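Step one of this worksheet: look at the structure below.
The values are calculated or read from the model by the stated rules, or taken from the named source; none is laboratory data. Predicted, not measured: the structure shown is a model, and the values here were computed from it. When we count neighbours, we look across all protein chains shown, and the Cβ atoms used for this are built from the backbone with ideal geometry, even at glycine. To get the accessible areas, we keep the full protein, side chains included, count just its heavy atoms, and leave off ligands, DNA and RNA. Shrake-Rupley method; radii C 1.70, N 1.55, O 1.52, S 1.80 Å.
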Amino acid sequence: MLEELKQAVYEANMELPRRGLVTYTWGNVSGIDREKGLVVIKPSGVDYEQLAPGKLVVLDLDGNVVEGGLNPSSDTKTHLELYKAFPALGGVVHTHSPHAVAWAQAGEDIPCYGTTHADYFYGPVPCARGLTKEELDEDYEKNTGRAIVETFTGRGLDPVHVPAVICRSHGPFAWGKTAAQAVYHAAVLEEVAKMALLTRQVKPEAAPAPAHLVEKHFLRKHGPNAYYGQK
């Protein structure tokens with residue numbers, strides 16, 4: 001079942017340690033087949049060296065396991081909330097990459113200080129609020145997803161234009177049209193988080209990049225008249 005998607009999700013998961021985005025088993029990637037309404041995700045706590053396409057877990061959007069003998073990622077419910085809320089998403093990734101986590105632990109958005117950030121994220125990467133004790137006790141992972149959705153809807157953000165978030169005291173989630181693109185965005189997120197942190201160290205009162213520069217750089221890659229790269 002979903003052998004092509006399993007292979008793509010497997011390869012995306014294996015890219016995490018190659019890109020230095022995870023330590024041990026601190027991460028997971030999923031992908032969705034929108035026509036079938038099924039999600040493929042990494043099993044919980046399985047070392048990347050032991051991972052294989054056949055070990056991935058297939059679930060429906062209600063979290064029911066359709067195929068697979070292992071427990072799905074503990075973050076599965078967060079992934080599912082994002083897929084249900086944002087129809088454009090084809091892949092989701094969660095990591096604990098250190099520079100993005102540093103901003104999450106500080107409870108601050110990652111500011112857009114320059115063009116590298118603006119090439120991929122149309123403005124700051126938002127920090128979702130922390131959960132209440134009641135939300136955590138009720139359903140930690142599901143409510144994490146809901147807090148992310150609340151952040152985007154409350155701020156009027158387009159998840160296609162800002163393909164990542166950091167969750168307060170937790171860490172980053174990123175997404176894309178595919179599982180591979182989700183990992184790509186997670187790698188870029190970690191780099192811009194590092195750049196932003198270095199900028200703060202060089203000049204704590206540094207101002208974000210001007211809006212017209214952010215718009216120019218984002219739209220030249222992603223706008224209707226984009227001209228970056230080859231046709």
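Taking the 0 to 90 degree range and rounding to the nearest ten, how far is the long axis of helix 211-222 tilted relative to the main principal axis of the chain, both from C-alpha atoms?
Taking Cα atoms only, the helix is inclined about 40 degrees.
Where the centroid of each part is defined by its Cα atoms, how far is segment 148-220 from segment 1-21 in Å?
Cα centres, segment 148-220 to segment 1-21: 22 Å.
On a straight-distance basis, which lysines could pair with LYS55 in a cross-link, Cα separation under 18 angstrom, same-chain partners fewer than 8 positions away excluded?
Cross-link targets: LYS6, LYS42.
Quick one: angle between helix 179-202 and the longest Cα principal axis of the chain, in degrees between 0 and 90, rounded to 10, please.
It is inclined by approximately 40 degrees.
At 222 nm, what helix-only mean residue ellipticity would the chain give, in deg cm²/dmol to the nearest 500, using -39500 (n - 2.57) for each DSSP H run of four or more?
Values: 7 runs with 98 residues, N = 231.
Only helices count here, giving -13500 deg cm²/dmol.
As I understand it, the dipole of the chain uses +1 on the Cβ of Lys and Arg and -1 on the Cβ of Asp and Glu, about the Cα centre. Which of SER169, GLY229, THR132 lies farthest toward its positive end?
The Cα lying farthest towards the positive end belongs to GLY229.
Just for the Cα atoms in the chain, what are the lengths along the principal axes, largest first, rounded to whole Å?
The principal-axis extents, from largest down, are 51, 49, 33 Å.
Taking segment 118-231, how many lysine pairs are there with alpha carbons less than 25 Å apart, if each pair must be eight or more places apart or span two chains?
12
Within the set of other residues whose C-beta is less than 11 Å from the C-beta of THR144, count the net charge using Lys and Arg as +1 and Asp and Glu as -1. Spell out each step's value before the answer.
Details: positive: LYS77, ARG129, LYS142, ARG146, ARG168; negative: ASP75, GLU81, GLU135, ASP139, GLU141, GLU150.
Local net charge: -1.
Suppose all protein chains stay in the model; what accessible area per residue would a 1.4 Å probe give for the chain, in Å²? Before the final figure, lay out the partial values.
Values: 11400 Å² over 231 residues.
Counting only protein heavy atoms, the per-residue value for the chain is 49 Å².
Going by accessible area, probe 1.4 Å, with all protein chains left in place, what is the ranking of LYS142, LYS231, LYS177, largest first? Before the final figure, lay out the partial values.
Details: LYS142 65, LYS231 225, LYS177 155 Å².
Highest to lowest solvent-accessible surface, that is LYS231, LYS177, LYS142.
Report the chymotrypsin sites (Phe, Trp or Tyr not before Pro) located in segment 134-231 that are in a DSSP loop and have at most 12 other Cβ atoms inside 10 Å of their Cβ, or state none. Before the final figure, lay out the partial values.
Details: sites: TYR140, PHE152, PHE173, TRP175, TYR184, PHE218, TYR227, TYR228; in loops: TYR227, TYR228.
Those that pass, being in a loop and sparsely packed, are TYR227, TYR228.
Report in % the part of the accessible area of the chain that belongs to carbon and sulfur, leaving out ligands and nucleic acids; probe 1.4 Å. Can you show the working numbers first?
Values: 5870 of 11400 Å².
The value for the chain is 52 percent carbon and sulfur by accessible area.
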